[in-house]
Amino acid sequence: MTLGARVLKTGIAIVLALFLAQLLNAPTPVFAGISAIFAIQPTVYRSYLSIIEQVQGNIIGAIIAVIFVLSFGNNVFIIGLAAIIVITINLKLNLEKTITLSVVTLIAIMESPTDDFITFAVIRFSTVMLGILSASIVNLIFLPPKYENKLYNQISDMSEEITKWIRMNIRHASEHGNLKNDIDKMNDRLMKIDQLYTLYKEERNYFKRTTLLKTRKLVIYRQMIATLKKSFQTLKKIHRYENELLSLPEKLQNIIQQQLDCLIHHHEHVMLKFIGKVKPNVVFEEGSISLDRNMLFQELMHYYKESEPTVHENEEELKQYHMMQIVSAIIEYDENVEHLDTLITSIQVHHNHEAEVTIEE
(Lines give C-alpha, C1' and ligand atoms only; values in the text may rest on other atoms or scores of the structure.)
Protein backbone atom coordinates (compact mmCIF):
# COMPACT_ATOMS: atom_id res chain seq x y z
CA MET A 1 0.00 0.00 0.00
CA THR A 2 1.30 3.45 -0.91
CA LEU A 3 1.15 6.47 1.37
CA GLY A 4 -1.78 8.24 -0.28
CA ALA A 5 -4.21 10.96 0.68
CA ARG A 6 -6.65 8.54 2.29
CA VAL A 7 -3.96 7.11 4.56
CA LEU A 8 -2.97 10.60 5.70
CA LYS A 9 -6.60 11.62 6.17
CA THR A 10 -7.23 8.54 8.33
CA GLY A 11 -4.32 9.47 10.59
CA ILE A 12 -5.48 13.08 10.88
CA ALA A 13 -9.07 11.98 11.61
CA ILE A 14 -7.90 9.67 14.41
CA VAL A 15 -5.82 12.43 15.97
CA LEU A 16 -8.71 14.91 15.77
CA ALA A 17 -11.22 12.41 17.19
CA LEU A 18 -8.98 11.49 20.13
CA PHE A 19 -8.13 15.14 20.80
CA LEU A 20 -11.80 16.22 20.85
CA ALA A 21 -12.78 13.24 23.01
CA GLN A 22 -10.06 14.08 25.56
CA LEU A 23 -11.00 17.77 25.39
CA LEU A 24 -14.60 16.87 26.27
CA ASN A 25 -13.43 14.45 28.99
CA ALA A 26 -15.02 11.42 27.33
CA PRO A 27 -14.34 8.35 29.54
CA THR A 28 -13.19 6.14 26.65
CA PRO A 29 -11.83 8.31 23.81
CA VAL A 30 -10.55 5.21 22.00
CA PHE A 31 -14.05 4.61 20.60
CA ALA A 32 -13.96 8.00 18.90
CA GLY A 33 -10.71 7.01 17.19
CA ILE A 34 -12.14 3.66 16.09
CA SER A 35 -15.29 5.17 14.58
CA ALA A 36 -13.21 7.81 12.75
CA ILE A 37 -11.44 5.00 10.85
CA PHE A 38 -14.70 3.64 9.44
CA ALA A 39 -16.02 7.07 8.39
CA ILE A 40 -13.11 8.17 6.15
CA GLN A 41 -14.15 8.24 2.49
CA PRO A 42 -12.35 9.09 -0.80
CA THR A 43 -14.80 11.85 -1.86
CA VAL A 44 -16.85 14.58 -0.14
CA TYR A 45 -20.05 13.12 -1.61
CA ARG A 46 -19.28 9.65 -0.28
CA SER A 47 -18.44 11.26 3.05
CA TYR A 48 -21.91 12.83 3.13
CA LEU A 49 -23.54 9.47 2.37
CA SER A 50 -21.30 7.79 4.92
CA ILE A 51 -22.36 10.22 7.68
CA ILE A 52 -26.03 9.40 7.08
CA GLU A 53 -25.40 5.65 7.02
CA GLN A 54 -23.01 5.64 9.98
CA VAL A 55 -25.42 7.68 12.11
CA GLN A 56 -28.20 5.23 11.30
CA GLY A 57 -25.98 2.25 12.09
CA ASN A 58 -24.77 3.87 15.31
CA ILE A 59 -28.33 4.55 16.44
CA ILE A 60 -29.37 0.96 15.68
CA GLY A 61 -26.45 -0.41 17.72
CA ALA A 62 -27.15 1.93 20.63
CA ILE A 63 -30.90 1.22 20.77
CA ILE A 64 -30.46 -2.56 20.65
CA ALA A 65 -27.72 -2.35 23.30
CA VAL A 66 -29.96 -0.36 25.70
CA ILE A 67 -32.97 -2.65 25.12
CA PHE A 68 -30.97 -5.85 25.72
CA VAL A 69 -29.10 -4.59 28.80
CA LEU A 70 -32.30 -3.31 30.44
CA SER A 71 -34.20 -6.50 29.54
CA PHE A 72 -31.62 -9.30 29.86
CA GLY A 73 -28.40 -7.87 31.32
CA ASN A 74 -24.96 -7.99 29.71
CA ASN A 75 -24.03 -11.65 29.78
CA VAL A 76 -21.57 -12.55 26.99
CA PHE A 77 -24.21 -14.73 25.32
CA ILE A 78 -26.67 -11.84 25.45
CA ILE A 79 -24.10 -9.57 23.79
CA GLY A 80 -23.59 -12.16 21.03
CA LEU A 81 -27.36 -12.47 20.49
CA ALA A 82 -27.70 -8.67 20.39
CA ALA A 83 -24.90 -8.49 17.79
CA ILE A 84 -26.79 -10.96 15.58
CA ILE A 85 -29.93 -8.82 15.86
CA VAL A 86 -27.98 -5.66 14.97
CA ILE A 87 -26.37 -7.30 11.93
CA THR A 88 -29.76 -8.62 10.76
CA ILE A 89 -31.40 -5.19 11.07
CA ASN A 90 -28.56 -3.53 9.14
CA LEU A 91 -28.85 -6.10 6.37
CA LYS A 92 -32.63 -5.64 6.16
CA LEU A 93 -32.17 -1.86 5.87
CA ASN A 94 -29.40 -2.22 3.23
CA LEU A 95 -26.82 -0.74 5.60
CA GLU A 96 -24.13 -3.38 5.09
CA LYS A 97 -21.34 -0.79 5.27
CA THR A 98 -22.34 0.23 8.81
CA ILE A 99 -22.46 -3.26 10.33
CA THR A 100 -18.97 -3.03 11.83
CA LEU A 101 -19.58 0.33 13.50
CA SER A 102 -23.03 -0.77 14.71
CA VAL A 103 -21.50 -3.79 16.45
CA VAL A 104 -18.68 -1.64 17.89
CA THR A 105 -21.30 0.74 19.34
CA LEU A 106 -23.30 -2.20 20.70
CA ILE A 107 -20.29 -3.72 22.48
CA ALA A 108 -19.08 -0.32 23.73
CA ILE A 109 -22.42 0.26 25.45
CA MET A 110 -23.10 -3.30 26.69
CA GLU A 111 -19.65 -4.28 27.95
CA SER A 112 -19.75 -2.47 31.31
CA PRO A 113 -23.12 -1.08 32.38
CA THR A 114 -23.22 1.06 35.52
CA ASP A 115 -25.97 2.07 37.90
CA ASP A 116 -26.65 5.10 35.72
CA PHE A 117 -26.72 3.03 32.55
CA ILE A 118 -28.74 5.41 30.35
CA THR A 119 -26.27 8.24 30.95
CA PHE A 120 -23.38 5.85 30.29
CA ALA A 121 -25.00 4.70 27.03
CA VAL A 122 -25.53 8.29 25.87
CA ILE A 123 -21.87 9.12 26.58
CA ARG A 124 -20.62 6.08 24.67
CA PHE A 125 -22.98 6.81 21.79
CA SER A 126 -21.79 10.43 21.69
CA THR A 127 -18.15 9.34 21.75
CA VAL A 128 -18.65 7.15 18.69
CA MET A 129 -20.53 9.98 16.95
CA LEU A 130 -17.63 12.30 17.73
CA GLY A 131 -15.34 10.04 15.69
CA ILE A 132 -17.75 10.14 12.74
CA LEU A 133 -17.93 13.94 12.99
CA SER A 134 -14.13 14.20 13.08
CA ALA A 135 -13.73 12.05 9.98
CA SER A 136 -16.32 14.16 8.17
CA ILE A 137 -14.46 17.38 9.01
CA VAL A 138 -11.23 15.88 7.69
CA ASN A 139 -12.96 14.72 4.50
CA LEU A 140 -14.25 18.24 3.91
CA ILE A 141 -11.14 20.24 4.79
CA PHE A 142 -7.91 18.24 4.56
CA LEU A 143 -6.31 17.03 1.30
CA PRO A 144 -9.32 17.53 -1.01
CA PRO A 145 -9.14 14.96 -3.83
CA LYS A 146 -8.23 16.00 -7.38
CA TYR A 147 -9.58 13.08 -9.32
CA GLU A 148 -9.76 14.94 -12.64
CA ASN A 149 -5.96 15.23 -12.86
CA LYS A 150 -5.52 11.59 -11.89
CA LEU A 151 -8.19 10.49 -14.37
CA TYR A 152 -6.74 12.41 -17.31
CA ASN A 153 -3.17 11.33 -16.53
CA GLN A 154 -4.09 7.66 -16.29
CA ILE A 155 -6.12 7.76 -19.51
CA SER A 156 -3.29 9.61 -21.27
CA ASP A 157 -0.59 7.25 -19.97
CA MET A 158 -2.52 4.16 -20.99
CA SER A 159 -3.34 5.65 -24.40
CA GLU A 160 0.38 6.24 -24.99
CA GLU A 161 1.21 2.67 -24.00
CA ILE A 162 -1.49 1.18 -26.23
CA THR A 163 -0.51 3.28 -29.26
CA LYS A 164 3.14 2.36 -28.72
CA TRP A 165 2.23 -1.33 -28.85
CA ILE A 166 -0.01 -0.82 -31.91
CA ARG A 167 2.82 0.90 -33.79
CA MET A 168 5.24 -1.91 -32.95
CA ASN A 169 2.76 -4.70 -33.57
CA ILE A 170 1.59 -3.46 -36.95
CA ARG A 171 5.26 -3.39 -38.00
CA HIS A 172 5.73 -6.91 -36.57
CA ALA A 173 8.38 -5.59 -34.16
CA SER A 174 6.76 -6.61 -30.85
CA GLU A 175 7.55 -9.71 -28.84
CA HIS A 176 4.39 -11.85 -28.59
CA GLY A 177 4.83 -12.97 -24.96
CA ASN A 178 5.63 -9.51 -23.59
CA LEU A 179 2.62 -7.98 -25.29
CA LYS A 180 0.34 -10.72 -23.96
CA ASN A 181 1.52 -9.99 -20.40
CA ASP A 182 0.99 -6.27 -20.90
CA ILE A 183 -2.52 -6.82 -22.24
CA ASP A 184 -3.43 -8.68 -19.03
CA LYS A 185 -2.10 -5.76 -16.95
CA MET A 186 -3.99 -3.24 -19.11
CA ASN A 187 -7.28 -4.97 -18.30
CA ASP A 188 -6.67 -4.23 -14.61
CA ARG A 189 -5.69 -0.63 -15.39
CA LEU A 190 -8.94 -0.12 -17.33
CA MET A 191 -10.93 -1.23 -14.28
CA LYS A 192 -9.07 1.30 -12.11
CA ILE A 193 -9.76 4.05 -14.66
CA ASP A 194 -13.47 3.22 -14.51
CA GLN A 195 -13.30 3.50 -10.71
CA LEU A 196 -11.52 6.86 -10.96
CA TYR A 197 -14.22 8.12 -13.31
CA THR A 198 -16.85 7.15 -10.73
CA LEU A 199 -14.96 9.04 -8.00
CA TYR A 200 -14.61 12.10 -10.24
CA LYS A 201 -18.31 11.91 -11.10
CA GLU A 202 -19.17 11.89 -7.40
CA GLU A 203 -17.25 15.09 -6.69
CA ARG A 204 -19.75 17.88 -6.11
CA ASN A 205 -19.63 21.50 -7.30
CA TYR A 206 -21.29 24.35 -5.45
CA PHE A 207 -21.61 26.94 -8.24
CA LYS A 208 -23.92 26.76 -11.24
CA ARG A 209 -21.23 27.82 -13.73
CA THR A 210 -18.78 25.11 -12.63
CA THR A 211 -21.59 22.54 -12.45
CA LEU A 212 -22.36 23.03 -16.16
CA LEU A 213 -18.67 22.73 -17.03
CA LYS A 214 -18.36 19.60 -14.89
CA THR A 215 -21.36 18.03 -16.65
CA ARG A 216 -19.76 18.59 -20.06
CA LYS A 217 -16.41 17.29 -18.84
CA LEU A 218 -18.09 14.13 -17.60
CA VAL A 219 -19.38 13.51 -21.13
CA ILE A 220 -15.86 14.05 -22.50
CA TYR A 221 -14.16 11.77 -19.98
CA ARG A 222 -16.76 9.08 -20.62
CA GLN A 223 -15.95 9.34 -24.33
CA MET A 224 -12.20 9.36 -23.58
CA ILE A 225 -12.60 6.07 -21.74
CA ALA A 226 -14.75 4.64 -24.55
CA THR A 227 -12.08 5.68 -27.08
CA LEU A 228 -9.36 4.18 -24.89
CA LYS A 229 -11.25 0.89 -24.78
CA LYS A 230 -11.65 0.91 -28.57
CA SER A 231 -7.91 1.47 -29.03
CA PHE A 232 -7.27 -1.40 -26.61
CA GLN A 233 -9.70 -3.59 -28.55
CA THR A 234 -7.84 -2.73 -31.76
CA LEU A 235 -4.53 -3.71 -30.17
CA LYS A 236 -5.95 -7.04 -29.01
CA LYS A 237 -7.33 -7.84 -32.47
CA ILE A 238 -4.02 -6.98 -34.18
CA HIS A 239 -2.15 -9.05 -31.61
CA ARG A 240 -4.49 -12.03 -31.90
CA TYR A 241 -4.58 -12.10 -35.71
CA GLU A 242 -1.05 -10.96 -36.53
CA ASN A 243 -0.48 -14.06 -38.70
CA GLU A 244 -3.46 -13.09 -40.87
CA LEU A 245 -1.97 -9.61 -41.24
CA LEU A 246 1.35 -11.09 -42.30
CA SER A 247 -0.38 -13.13 -45.01
CA LEU A 248 -1.70 -9.98 -46.74
CA PRO A 249 0.12 -8.42 -49.70
CA GLU A 250 2.73 -5.86 -48.69
CA LYS A 251 0.77 -3.02 -50.32
CA LEU A 252 -2.33 -3.75 -48.24
CA GLN A 253 -0.24 -4.17 -45.07
CA ASN A 254 1.26 -0.73 -45.72
CA ILE A 255 -2.19 0.82 -46.19
CA ILE A 256 -3.40 -0.63 -42.86
CA GLN A 257 -0.18 0.53 -41.18
CA GLN A 258 -0.50 4.05 -42.57
CA GLN A 259 -4.17 4.28 -41.63
CA LEU A 260 -3.34 3.23 -38.06
CA ASP A 261 -0.47 5.72 -37.90
CA CYS A 262 -2.85 8.51 -38.97
CA LEU A 263 -5.45 7.35 -36.45
CA ILE A 264 -2.95 7.19 -33.60
CA HIS A 265 -1.68 10.66 -34.54
CA HIS A 266 -5.27 11.94 -34.43
CA HIS A 267 -5.88 10.34 -31.02
CA GLU A 268 -2.68 11.82 -29.57
CA HIS A 269 -3.56 15.23 -30.98
CA VAL A 270 -7.05 15.15 -29.44
CA MET A 271 -5.69 14.25 -26.00
CA LEU A 272 -3.20 17.14 -26.15
CA LYS A 273 -5.84 19.46 -27.57
CA PHE A 274 -7.96 18.92 -24.45
CA ILE A 275 -5.18 20.35 -22.24
CA GLY A 276 -4.38 23.15 -24.69
CA LYS A 277 -0.96 21.94 -25.82
CA VAL A 278 -1.50 21.75 -29.60
CA LYS A 279 -3.15 23.76 -32.33
CA PRO A 280 -6.81 22.83 -32.82
CA ASN A 281 -6.77 22.20 -36.59
CA VAL A 282 -4.32 19.65 -38.02
CA VAL A 283 -4.43 17.46 -41.14
CA PHE A 284 -3.81 13.82 -40.32
CA GLU A 285 -1.82 12.05 -42.99
CA GLU A 286 1.04 9.61 -43.31
CA GLY A 287 2.97 9.98 -46.55
CA SER A 288 0.40 10.03 -49.36
CA ILE A 289 -2.28 8.36 -47.18
CA SER A 290 -4.86 10.43 -45.30
CA LEU A 291 -7.08 9.07 -42.55
CA ASP A 292 -10.05 7.49 -44.35
CA ARG A 293 -11.85 4.51 -42.84
CA ASN A 294 -14.01 4.00 -45.95
CA MET A 295 -10.95 3.66 -48.12
CA LEU A 296 -9.49 1.05 -45.77
CA PHE A 297 -12.64 -1.06 -45.94
CA GLN A 298 -12.87 -0.75 -49.73
CA GLU A 299 -9.22 -1.74 -50.22
CA LEU A 300 -9.71 -4.87 -48.15
CA MET A 301 -12.91 -5.83 -49.98
CA HIS A 302 -11.25 -5.18 -53.33
CA TYR A 303 -8.35 -7.47 -52.38
CA TYR A 304 -10.65 -10.35 -51.46
CA LYS A 305 -12.78 -9.90 -54.59
CA GLU A 306 -9.68 -10.04 -56.79
CA SER A 307 -8.11 -12.97 -54.94
CA GLU A 308 -8.11 -16.26 -56.80
CA PRO A 309 -9.79 -19.26 -55.13
CA THR A 310 -7.47 -21.73 -53.38
CA VAL A 311 -7.77 -25.34 -52.39
CA HIS A 312 -7.96 -24.25 -48.75
CA GLU A 313 -11.19 -22.30 -49.18
CA ASN A 314 -12.33 -22.72 -45.57
CA GLU A 315 -9.04 -21.39 -44.24
CA GLU A 316 -9.26 -18.38 -46.55
CA GLU A 317 -12.78 -17.61 -45.36
CA LEU A 318 -11.59 -17.77 -41.75
CA LYS A 319 -8.72 -15.37 -42.55
CA GLN A 320 -11.19 -12.97 -44.18
CA TYR A 321 -13.40 -13.16 -41.11
CA HIS A 322 -10.46 -12.37 -38.84
CA MET A 323 -9.28 -9.49 -41.04
CA MET A 324 -12.78 -8.03 -41.01
CA GLN A 325 -12.61 -8.03 -37.20
CA ILE A 326 -9.37 -6.03 -37.34
CA VAL A 327 -10.76 -3.53 -39.83
CA SER A 328 -14.00 -3.25 -37.85
CA ALA A 329 -12.03 -2.49 -34.67
CA ILE A 330 -9.98 0.18 -36.50
CA ILE A 331 -13.15 1.80 -37.89
CA GLU A 332 -14.84 1.87 -34.47
CA TYR A 333 -11.66 3.30 -32.93
CA ASP A 334 -11.60 6.00 -35.63
CA GLU A 335 -15.28 6.88 -35.07
CA ASN A 336 -14.72 7.24 -31.34
CA VAL A 337 -11.66 9.47 -31.79
CA GLU A 338 -13.64 11.64 -34.19
CA HIS A 339 -16.53 11.95 -31.74
CA LEU A 340 -14.11 12.79 -28.91
CA ASP A 341 -12.56 15.50 -31.08
CA THR A 342 -16.01 17.00 -31.72
CA LEU A 343 -16.87 17.03 -28.00
CA ILE A 344 -13.58 18.69 -27.04
CA THR A 345 -13.98 21.33 -29.76
CA SER A 346 -17.48 22.07 -28.47
CA ILE A 347 -16.46 22.47 -24.83
CA GLN A 348 -13.53 24.72 -25.75
CA VAL A 349 -15.83 26.95 -27.81
CA HIS A 350 -18.32 27.32 -24.96
CA HIS A 351 -15.90 27.49 -22.03
CA ASN A 352 -12.69 28.73 -23.64
CA HIS A 353 -9.67 28.03 -21.33
CA GLU A 354 -11.86 27.02 -18.35
CA ALA A 355 -12.15 23.53 -19.83
CA GLU A 356 -8.42 22.86 -19.80
CA VAL A 357 -7.02 20.48 -17.23
CA THR A 358 -4.05 21.59 -15.16
CA ILE A 359 -1.61 18.69 -15.36
CA GLU A 360 0.44 18.32 -12.19
CA GLU A 361 3.79 16.58 -12.26
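The values are calculated or read from the model by the stated rules, or taken from the named source; none is laboratory data. Worth saying up front: this structure is predicted, and the values here are computed from it rather than measured. Glycine gets a Cβ as well: all are built from the backbone with ideal geometry, and neighbour counts include every protein chain shown. Keep in mind that these areas ignore ligands, DNA and RNA; they rest on the heavy atoms of the full protein, side chains included. Shrake-Rupley method; radii C 1.70, N 1.55, O 1.52, S 1.80 Å.
A few remarks follow.
- Residues K251, K185, K237, K217, sorted by accessible area with the largest first, give K251, K185, K237, K217 [1.4 Å probe; ligands and nucleic acids excluded].
- Nearby lysines by direct alpha-carbon distance to K185 (threshold 21 angstrom, same-chain neighbours under 8 apart not counted): K150, K164, K229, K230, K236, K237
- Between N94 and L70, the modelled labels are 3.1 nm apart [label points 7 Å from Cα along Cα→Cβ].
- Long-range Cα-Cα pairs in the range 97-256 (distance over 27 Å), rounded percent: 55
- Accessible area in square angstrom per residue, the range 127-187, 1.4 angstrom probe: 46
- Measuring max minus min along each principal axis, the C-alpha atoms of the range 1-70 give extents of 46, 27, 21 Å (largest first).
- Cα-centred dipole magnitude for the range 100-255, charges only on beta-carbon of K, R (+1) and D, E (-1), debye, nearest 20: 1040
- Cβ-Cβ FRET estimate between V219 and F19, R0 fixed at 56 Å, reported to 0.05: 0.80
- The residues of the range 212-263 have, on average, 39 Å² of accessible surface per residue, using a 1.4 Å probe with all protein chains present.
- Treating each Cα of the range 5-135 as an identical point scatterer and summing with the Debye formula, the log10 of I(q)/I(0) at q = 0.09, 0.20 Å⁻¹ comes to -0.24, -1.08.
- Spatial extent of the range 46-98: Rg and Dmax, with the Cα atoms as the point set, Å: 12.1, 38
- Where H267, H322 fall by accessible area, highest first, once all protein chains stay in place (1.4 Å): H322, H267
- Extension gain, Y45-D188: 0.36 nm per intervening residue step, less the Cα-Cα distance, totals 48.9 nm.
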